[in-house]
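Here is the structure we will look at.
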Amino acid sequence: MNWILLVLGGLFEVGFTSSLGKAKETTGTEMYVWYSCFAVCLVVSMVLLIKATQTLPLGTAYAVWTGIGAVGTVLIGIFVFKEPANFWRIFFIFTLISSIVGLKFVSN
């Protein structure tokens, strides 16, 4: 169950980083809506990380949480914000995913 909470926390991390990107693109009231979304996603993400680390090893949980956030944020950058998707970026995304999966398998 705590692995599920950790994955959800990582997805909310993607939400708060994506919200920052959208807030940067907007002005006025819409900007404040995106900053509010950032704050909500940040709190939910942290609460889920805290809950997951009650039974999972802290180092593994944090590495997986940040890895999910990093991979998700890069993918959102590529697909939503039209950032470049060259060979090396894709290669290192897969390397990061492999590391996250590896940490899951070697953890209790």
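Take every Cα pair under 8 Å whose residues are at least 6 apart in sequence, average their separation, divide by the length of region 8-108, and the relative contact order is 32 percent. Full extension of the chain between Val40 and Gln54 yields a length gain of 2.9 nm, computed as 0.36 nm times the residue separation minus the alpha carbon distance.
Taking amide H as placed 1.01 Å from N in the peptide plane, Glu83 has its amide H under 5 Å from the amide H of Ile78, each at least 5 places away in sequence or on another chain. Computed across the chain, the Kirkwood radius stands at 14.6 Å (inverse of mean 1/r, all Cα pairs).
Under 1.5 on a/c is rounded, so check that first for region 22-66, then, if it is not, pick prolate when a/b is larger than b/c and oblate when it is not; a ≥ b ≥ c are the square roots of the alpha carbon gyration tensor eigenvalues. Note, shape of region 22-66 comes out prolate.
Size of region 42-86: Rg and Dmax of its alpha carbons, in Å, are 13.3, 39.
Here the peptides 82-88, 1-7 are ranked by packing, the mean other Cβ count within 10 Å, and the order with the highest first is 1-7, 82-88.
Counting only residues at least eight positions apart within a chain, or on another chain, the aspartates and glutamates with an alpha carbon under 18 Å from that of Lys82 are Glu25. Distance between Cα centroids, region 71-108 to region 2-50: provide it in whole Å. A separation of 18 Å, based on Cα centres.
Multiplying the residue separation of Thr26 and Ser98 by 0.36 nm and subtracting their alpha-carbon distance yields 22.4 nm. About the centre of its Cα atoms, region 1-107 shows a dipole size close to 140 debye [charges on the beta carbon of Lys, Arg (+1) and Asp, Glu (-1) only; nearest 20 debye].
What order, most packed first, do the peptides 91-97, 64-70, 9-15, 32-38 have when packing is the mean number of other Cβ atoms within 10 Å of each residue? Write down the numbers at each step before the final one.
On the way: 91-97: 12.9, 64-70: 20.6, 9-15: 22.1, 32-38: 15.3.
Highest to lowest by the protection proxy: 9-15, 64-70, 32-38, 91-97.
Per residue, how much accessible area does region 1-107 show when a 1.4 Å probe rolls over the protein heavy atoms, in square angstrom?
61
The values are calculated or read from the model by the stated rules, or taken from the named source; none is laboratory data. Bear in mind the structure is a predicted one, so any value in this text is a computation, not a measurement. As a convention, Cβ positions derive from the backbone with ideal geometry for all residues, glycine included, and neighbour counts pool all protein chains shown. Note: areas computed on protein heavy atoms with side chains; ligands, DNA, RNA excluded. Shrake-Rupley method; radii C 1.70, N 1.55, O 1.52, S 1.80 Å.
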